[in-house]
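No value in this document is a laboratory result; all are computed from the given coordinates. Everything numeric in this text was worked out from a predicted model, so none of it was measured. So basically every Cβ, Gly included, is an ideal-geometry build from the backbone, and we count neighbours across all protein chains shown.
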Amino acid sequence: MRTGLWILDRHCNGMGFLHGGMMSAFADSALAWAVWSATGKMSVTIRLTLEFMEIAREGEWIEAHPEVSAVDGEFIHVNARIVKEDGGLAARASAVFRTVRRKAD
């Protein structure tokens with residue numbers, strides 16, 4: 001499963017490139033979708049780690065390529081490469097999610 005984002009002005013910091021917080025939110029969402037795809041269960045983030053590799057600028061397309069690396073009971077380990085359309089590596093992300101059951105209303 002891949003998730004993508006066109007970087008808009010509102011996603012950028014004062015220096016004109018993708019804000020680290022926005023990259024973190026994008027990565028967290030992409031990793032969570034990978035957990036959903038692999039397990040069919042909702043989850044919450046327990047740990048999220050990002051390594052910023054290259055600057056991504058306004059107008060560029062970035063794409064997360066996540067992969068579930070391990071399922072340990074209710075804990076799901078997942079990694080992603082976040083690549084730019086030119087093939088450059090914008091970031092690497094890794095996370096641990098915990099699956100949860102939704103409470104009945």
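General remarks:
- Peptides 40-47, 95-102 ranked from most to least packed, by the mean per-residue count of other Cβ atoms within 10 Å: 95-102, 40-47.
- Correct option for Cα extents along the principal axes in Å [calculated from the coordinates] among [x] 71, 24, 16; [y] 53, 22, 21; [z] 43, 30, 20: [z]
- Whole-number percent relative contact order across the chain, with pairs defined as alpha carbons under 8 Å at least 6 apart: 31
- The modelled label-to-label distance for the pair Met1/Val44, using points 7 Å beyond Cα in the direction of Cβ, is 2.0 nm.
- The Cβ shell under 15 Å around Ile7 holds other residues with a net charge of -4, Lys and Arg each +1, Asp and Glu each -1.
- Positive minus negative residues near Val35 (Lys, Arg vs Asp, Glu; Cβ under 15 Å): +2
- Estimated purely from DSSP H runs of n ≥ 4, each contributing -39500 (n - 2.57), the mean residue ellipticity at 222 nm for the chain is -6500 deg cm²/dmol once divided by its residues.
- With Cα atoms, 0 to 90° folded angle of helix 20-39 axis to the chain main axis: 40
- Neighbourhood net charge (9 Å Cβ-Cβ; Lys/Arg +1, Asp/Glu -1) for Thr99: +2
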